[in-house]
1. When Lys and Arg each count +1 and Asp and Glu each count -1, what net charge do the other residues less than 13 Å away from ALA102, Cβ to Cβ, add up to?
2. As a test question: what accessible area, to the nearest 10 Å², does ILE133 have when a 1.4 Å probe is rolled over all protein chains in place?
3. At what distance in nm do the modelled label points of PHE9 and ALA90 sit from each other, each positioned 7 Å from its Cα along Cα→Cβ?
4. Compute the projected area of the convex hull of the Cα atoms of region 62-125, averaged over all viewing directions, and report it in nm² to one decimal place.
Amino acid sequence: LVQLLLVAFVVIHFVLPQIAGARRTLSLLAGVDLRLIALGVALEAASILSYTNLTRTMIPRGSAPPFPTLLRIQLSTLAVSHVVPGGSAAGGALGFRLLTRAGLTGTDAAFAIAAQGIGSAVVLNLLLWLGLIVSVVRGGPGYNPLYLTAAVVGVVLIGGFSTLVVLLMRGERRAAGVMRAVARRVPFLHEEGIHQLVLRLAARLQTLVADRDRLRRGILWDLAFWLCTAAALWVFLGAFGHWERIDGLIVAF
């Protein structure tokens with residue numbers, strides 16, 4: 001009797017609501033515009049290809065693995081980052097391992113991952129500010145005062161990244177010395193290895209900044225990645241009959 005009551009409880013409170021939700025979902029899917037779904041998938045594919053090109057741009061000339069290999073690495077890290085708790089950290093670690101297995105040195109792999117991460121944060125925050133400006137000018141439901149908090153946090157983070165970049169560009173010896181002193185007090189860290197790693201990362205950063213064409217291509221691929229991803233979201237919403245204001249979508253995104 002107790003088992004029957006437990007089964008009845010589970011069916012009533014967990015199974016039946018799921019069936020009702022599935023029916024509502026099926027009725028909603030019946031009205032989806034499949035052409036827009038296909039366009040959204042194409043835009044998402046374009047965003048992944050753009051991010052792969054961004055990774056290739058951040059790798060020193062002549063050292064990058066073949067494009068199909070880089071694409072498989074990006075798909076693997078993207079999959080891990082979406083299914084594992086703390087996915088960004090796990091995806092970054094997997095990306096580092098796969099890049100080194102593809103032939104990159106540890107320094108080149110670490111620099112590529114760090115550079116595209118910092119660059120993406122900067123570009124995304126610039127898009128946020130652009131969306132905020134348009135929302136403030138237009139007013140209406142697309143604007144939320146809470147977005148300003150996110151924008152201020154973004155400025156603080158970008159300021160911290162900029163300070164780090166300046167330290168590595170103009171005072172790499174001092175920065176390496178500071179990191180060496182920190183590593184000396186942290187178990188399992190080799191101070192000489194950390195010292196040399198900071199110097200090598202600074203050298204890669206100086207080379208990237210000096211190569212204006214490479215830097216410009218990196219920014220354009222990064223911008224294409226974010227815009228294609230946001231456009232995919234906009235089109236997918238439109239496929240369900242809801243066309244969001246562009247400025248509100250960019251800010252929320």
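1. Around ALA102, the surrounding residues sum to +3.
2. The accessible area of ILE133 comes to roughly 100 Å².
3. With each label point 7 Å from Cα toward Cβ, the separation is 3.2 nm.
4. Dividing the Cα hull surface by four gives the mean projection, 4.6 nm².
The values are calculated or read from the model by the stated rules, or taken from the named source; none is laboratory data. All of these numbers come straight from a predicted model, not from anything done at the bench. All Cβ positions, even for glycine, are placed from backbone atoms using ideal geometry, and neighbour counts span all protein chains on display. Ligands, DNA and RNA are stripped out before the accessible areas are found, and what is left, the full protein with its side chains, is counted by its heavy atoms. Shrake-Rupley method; radii C 1.70, N 1.55, O 1.52, S 1.80 Å.
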